[in-house]
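Below: one structure, written as structure tokens.
The values are calculated or read from the model by the stated rules, or taken from the named source; none is laboratory data. Bear in mind the structure is a predicted one, so any value in this text is a computation, not a measurement. Neighbour counts are summed over all protein chains in view; Cβ atoms, including those assigned to glycine, are modelled from backbone coordinates with ideal geometry. Just so you know, the surface numbers come from the protein's heavy atoms only, side chains and all, with ligands and any DNA or RNA stripped out. Shrake-Rupley method; radii C 1.70, N 1.55, O 1.52, S 1.80 Å.
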Amino acid sequence: MERETALLLYRRMVQIRKFEEKLYQLFLTRPMPGSMHQYNGQEAVAVGVCAHLNRDDFITSTHRGHGHCIAKGASIRALMAEMFAKTTGCCRAMGGSMHIADYSVGMLGAMGIVGSGMPVAVGAAWSSQYRRSGQVVACFFGDGAANEGAFHEALNLAGVWKLPVVFVCENNVYGFSTHYRRVTPVENIADRAASYGMPGVVVDGMDLRAVFDEAATAVDRARKGEGATLIECKTYRYMGHSRFEKAAYRSSEELDEWRKRDPLVLFRDFLLGSELVDAGELEGIDADVDREIEDAVDYAENSPDPKPHDYRQYIFKVNDEFPTHHQKES
Amino acid sequence: MSYVLANEVRPIFPGVLGLMPVKKIVDALNQALREEMDRDERVVLLGEDIGVFEGSYRVTEGLHAQFGEERVRDTPISEIAIIGAALGAALTGLRPVAEIQFNDFLACGMDQLCNQAAKIRFMLGGQVTVPMVVRAPYGATGRAAQHSQSLEAWFVHTPGLKVVMPSTPYDAKGLLKTAIRDDNPVLFLEHKLLYGATSPGGKAQTAVQELGEVFTPAPDEEYLLPFGAADVKRPGSDVTVVATGMMLHKSIKAARELAGADGIECEVIDPRTLVPLDRETIIDSVKKTGRLVVVSEDVMSCGVTAEISALVAEHALFYLDAPIRRVAVPDTPIPFAPVMEQAVIPQIGDIIEAVKSVVYR
Ligand SMILES: Cc1ncc(C[n+]2csc(CCOP(=O)(O)OP(=O)(O)O)c2C)c(N)n1
Ligand SMILES: [Mg+2]
């Protein structure tokens, strides 16, 4: 990994971490709209995979989408404004945390229905294949989603059509309250790839470099037209399932074990050990990101609230040539 | 109204026996499940996070501990398999109660529910019965378009399913027990804001504190409530208001305000079950009042308000002194921002305005 890449990826992970830490505080200290699902602990996955994607490559995201947005390069200001339900939010206050996404950087949406992004990713990959655009699709989903019918149908189609998609299973051990081994009869979700004629690999999802390397192979394979890959990243979510969920179903020892291998700490130690960078540079990035997050909060706070009926413009795309094709609201 | 359980029904009114009534819908549902599981070992539960975790809205609290893994089963996140397995079990001697975490996710298991469960008895010429219940929360609580819907109309539109929407602890318990004893697939929809519980997966949101005496507690006693029997939650002579779930309570509040400030007396009717629908109670009320306002949290087009309006137009048109008014979500998905959500969800003010318009005030 080159120095510049390493620094960018470090910055991305810090951005995700601090973005969410800030939101956690905000939710504690002031009324915030809706809820959120936090990504803390899983930063290396989104960042390691998106490192290989171009701006015009696609991703699909989930209810736990903040990290995917930042890793794909979405504007922190627009993300924060969406969390505040402001008109300057990336989804114009229509989606909130659960559907946070930015099409301008290739996000096809954050689906709140578990597993539902997977067939969509397959469709985008098909389109890329058809258009010979060379675009690759990365599809993020959880261990829980791997038990939805949509997972199996999507992988099968991608396998049989040899589509340029990388399925990224973020196995963070739990689907809501349920340990994945209570609901999944195989140790590795990656093993399921065999049924769909694609490689399945297991990777340490806390280790940015490991994710980075596996994703390189998978994206390269997709780009060359050789088909899909299923990468299972073993990772962990530090927070409860959602903002107000306390995660009493897991032990603090378990959490501590995983935290010892925190993706930011691991990568930081690696960088310092490799002498690619010095501590001052990393601290500089940390401080920089702090400012960036403060600026985003300022921006969000000072942005206009939507008006009650703003939603109307988003129900249908109105085509002026065919004005009668669109029902007026009752 | 022909209905299999109607003659078994012995409603017991709260307080009569002096036992501690439960004041929350979440507890009423829990009691119903517990009593039915105690009574009949064919009753089994399945769903996501319902066992060890005791349910995302705590409806199944204590049941895994009491009845064990065999009868309270945590499933993978697999709505097709949850509903399909309930169906298979129902066809072969069990009486499963499945929980779908939000009614929006019923869409994922739609084929099993609407093409299979709803039709299998019909297709087999009555050879089988399908004693299964699918429970699911509905309603808007600030969680944007995929977690806020009220989808009852989809299922009312699917013959073969019964659709239940209780608005009080008393109704919730009696109707769930009836649902479990019914030999047909029953969809049991529970409004998130009426549970009286905090979702551990969501913000502490509940509206039950301010609901007043209409929010009747459930006695800690065996009773069943019939399907197809609407309940007149508030008698009145001027305007008939029909509403379910959360909208029932908003309608009651509107009615109180209208009675106080404007001297308009609304008769507020809760159908309680949309399939079967107690048409007589609604039609008779309209014949008396000459005016109808229908309130619902589902969308306007082809929604529950459309159905009830059509019913009255067909059977009581010449009794009407004013056009029917509907208060429902306009034809839009639910937006995220609270100001926009509030704008699309019917509010008390909207109901008041509609009622005034039909009495020309
Ligand atoms: C179809 C569907 N079923 C259930 C839910 C409720 N739900 C939201 S997130 C979640 C857990 C998802 O687990 P996983 O796929 O492992 O993702 P994670 O939350 O761990 O990131 C559940 C059950 C949903 N949103 N959609
Ligand atoms: Mg998970």
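Just subtract the alpha-carbon distance of A:GLU301 and A:ARG259 from 0.36 nm times their residue separation and send over the number in nm, one decimal.
Value of the extension gain: 11.9 nm.
In this calculation the C-beta distance from B:GLN127 to A:ARG182 is compared with R0 = 30 Å, giving a FRET efficiency of 0.25.
Working from Cα pairs under 8 Å separated by at least six residues, relative contact order for region B:59-119 is 34 percent. For region A:290-297, backbone phi angles converted through the Karplus equation (6.51, -1.76, 1.60; θ = phi - 60°) give residue-by-residue couplings of 3, 5, 4, 6, 4, 4, 5, 5 Hz, Gly and Pro being listed as x.
Here's how it looks for A:GLY112: its modeled amide H is under 5 Å from none belonging to a residue 5 or more places away or on a different chain.
The GluC sites (Glu not before Pro) of region A:203-307 that DSSP puts in a loop, and whose beta carbon has at most 11 other beta carbons within 10 Å, are A:GLU275.
Taking every protein chain into account, the accessible area of region B:215-263 amounts to 29 square angstrom per residue (probe 1.4 Å).
Ordering B:VAL232, A:VAL165 by how much accessible area each has at a 1.4 Å probe, largest first, what is the list?
Accessible-area ranking of B:VAL232, A:VAL165, largest first: B:VAL232, A:VAL165.
Note on surface exposure: A:SER252, B:SER148 rank A:SER252, B:SER148 by accessible area, highest first, 1.4 Å probe.
Counting only protein chain heavy atoms and rolling a 1.4 Å probe, the accessible areas of A:LYS224, A:LYS246, A:LYS18 rank, largest first, as A:LYS246, A:LYS224, A:LYS18. A Förster distance of 45 Å, applied to the separation of the beta-carbon atoms of A:ASP320 and A:GLU294, puts the FRET efficiency at 0.60.
Counting only protein heavy atoms and a probe of 1.4 Å, the accessible surface of chain A is 52% carbon and sulfur. Relative contact order, whole percent, for chain A stands at 22, derived from Cα pairs under 8 Å and 6 or more residues apart. Placing unit charges on each Cβ (+1 for Lys and Arg, -1 for Asp and Glu) gives chain B a dipole about its Cα centre, and among B:CYS302, B:VAL241, B:ALA86 the Cα reaching farthest toward its positive end belongs to B:VAL241. Only Cα pairs under 8 Å and 6+ residues apart enter the sum, and on that basis the relative contact order of chain B stands at 17 percent.
Can you bin the protein assembly as shown into rounded, prolate or oblate? Criterion: square roots of the alpha carbon gyration tensor eigenvalues sorted a ≥ b ≥ c, rounded for a/c under 1.5, prolate for a/b above b/c, oblate for the rest. Here the protein assembly as shown falls in the prolate category. With all protein chains present, how much of the accessible area of chain B (probe radius 1.4 Å) comes from carbon and sulfur, to the nearest whole percent? Result for chain B: 54 percent of the exposed heavy-atom area is carbon or sulfur. Accessible area per residue was computed with a 1.4 Å probe on protein heavy atoms; A:THR217 scores about 90 Å².
The distance linking region A:251-306 with region B:284-336 is 55 Å (Cα centroid to Cα centroid, whole angstrom). Net length available on complete extension from B:LEU317 to B:ALA261 is 17.3 nm, with 0.36 nm assigned per residue and the Cα-Cα distance removed.
Of the cross-linked pairs A:LYS72/A:LYS260; B:LYS23/B:LYS250; B:LYS250/B:LYS287; B:LYS24/B:LYS173; A:LYS86/B:LYS250, those separated by over 22 Å at the C-alpha level are A:LYS72/A:LYS260; B:LYS250/B:LYS287; A:LYS86/B:LYS250. Take each residue in A:91-101, count the other chain C-beta atoms within 10 Å of its C-beta, and the mean is 5.
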